[in-house]
Amino acid sequence: MAGAEDMDRLLAEVLAATAPLRGSGRVATYIPALADVDPNRFGIAFADGTGEVHGAGDCDVPFSIQSISKVFTLALALERVGPALWDKVGREPSGSAFNSIVQLEHEQGKPRNPLINPGAIVVTDQLVGDGGADAAIDRLLAFLRVEAGDGSIRVDDAVAASEAATGARNRSLAWFMKSFGILTNDVETVLSAYFRHCALAMSCRQLARAGLFLAFDGRDPCTGREVVAWHRARRINSVMMLCGHYDNSGEFAFRVGLPGKSGVGGGILAVAPGHGTIAVWSPGLNEAGTSAAGAAALEALVERTGWSVFF
Ligand code: GLN
């Protein structure tokens, strides 16, 4: 692994190399509270195997992690219900938009994977199972605060409210799945937890640190503590690799070669197994909803480190 100074230099280099791309793409506007974000923001952070977090640019500014939260809810749901989760949600790439409804009808309401909206709503349904939406969010926050080593992580209530007020498409998906008996809990209860976990505000530094167990076979590399079983971490990574960027997942695997997850807030979490985790944030999105400059930054980083899983 590169030394600490090398890594700081590398991140500064990636920041400079991708500077011309800052502001490219389009900021998500279908959630009104996200529309006001400055498109020129750019942050990147790398958490290494000692737990040290290196950062550059706006790496300490909290942003809306949106669909990146689906990785953490998946980890918690797998720990909670085990492989039975896969009876309710598949693990195949969808090849369609994150909020598409067409596939659901063909496949009797069972979503293709847990990283598109309907799949994540199913996962959230499993988390609210006992205790309700507030308890599910409390458990998720507790998990993230421990993993990130930062008690200040919170849900941005304004973003959650904005999403709840404009969430017609997610409501349609949820009710559609309810009609097939895939969702077990009250739809509005499940969505209230879903909107809140999408509205988590985290910085690149917090996000990279929180996801570090995924790069070390489910263990926190600093303490050796098992966060999730090794086989679960590997499977979460495989789902991220194949499904983490909706109908843009093949392109991301081709260009970056790391398991990753993007969110419409412009963040991407990428996992370099055995090396560490990278979180990047730039709000301008490509057509599929992946950060344009963020994906380019990850490509530049991997080019310089050789960290593709296909090495
Ligand atoms: N909260 C967003 C939604 O439900 C998440 C989408 C995303 O980040 N791709 O549409």
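FYI, it's all coordinate maths here, none of it is from the lab. Note that this is a predicted model, so its numbers are computed, not measured. Reconstructed Cβ throughout: ideal geometry from the backbone, glycine too, with neighbour counts over all protein chains shown.
So which residues in the range 234-280 are without any contact (Cβ under 8 Å) to a residue 60 or more places away in the chain, in a helix (DSSP H, G or I) and buried (at least 24 other Cβ atoms within 10 Å of the Cβ)?
252
Residues in the range 236-256 that are out of contact with any helix residue (DSSP H, G or I) (no Cβ under 8 Å at 6 or more places or on another chain) and within 19 Å of residue 83 (Cβ to Cβ): how many?
So the answer is 1.
List, please: which pairs have Cβ atoms under 7 Å, are six or more places apart or on different chains, and start with a residue in the range 165-176 that is under 15 Å from residue 120 (Cβ atoms) and of a type in the set (Lys, Arg) and end with one that is more than 9 Å from the ligand (Cβ to nearest atom) and assigned to a helix (DSSP H, G or I)?
As it stands, the answer is 171/191, since those pairs meet every condition given.
Kindly evaluate residue 306 against the criterion of being within 16 Å of the ligand (Cβ to nearest atom) and either more than 20 Å from residue 20 (Cβ to Cβ) or surrounded by 24 or more Cβ atoms within 10 Å (Cβ to Cβ) (or both). Quick ask: steps written out before the conclusion?
Numbers: within 16 Å of the ligand (Cβ to nearest atom): no; either more than 20 Å from residue 20 (Cβ to Cβ) or surrounded by 24 or more Cβ atoms within 10 Å (Cβ to Cβ) (or both): yes.
Against the criterion (within 16 Å of the ligand (Cβ to nearest atom) and either more than 20 Å from residue 20 (Cβ to Cβ) or surrounded by 24 or more Cβ atoms within 10 Å (Cβ to Cβ) (or both)), residue 306 does not qualify.
Could you list all residues from the range 120-138 that are under 13 Å from residue 182 (Cβ atoms) and without any contact (Cβ under 8 Å) to a residue 40 or more places away in the chain?
Selection gives nothing.
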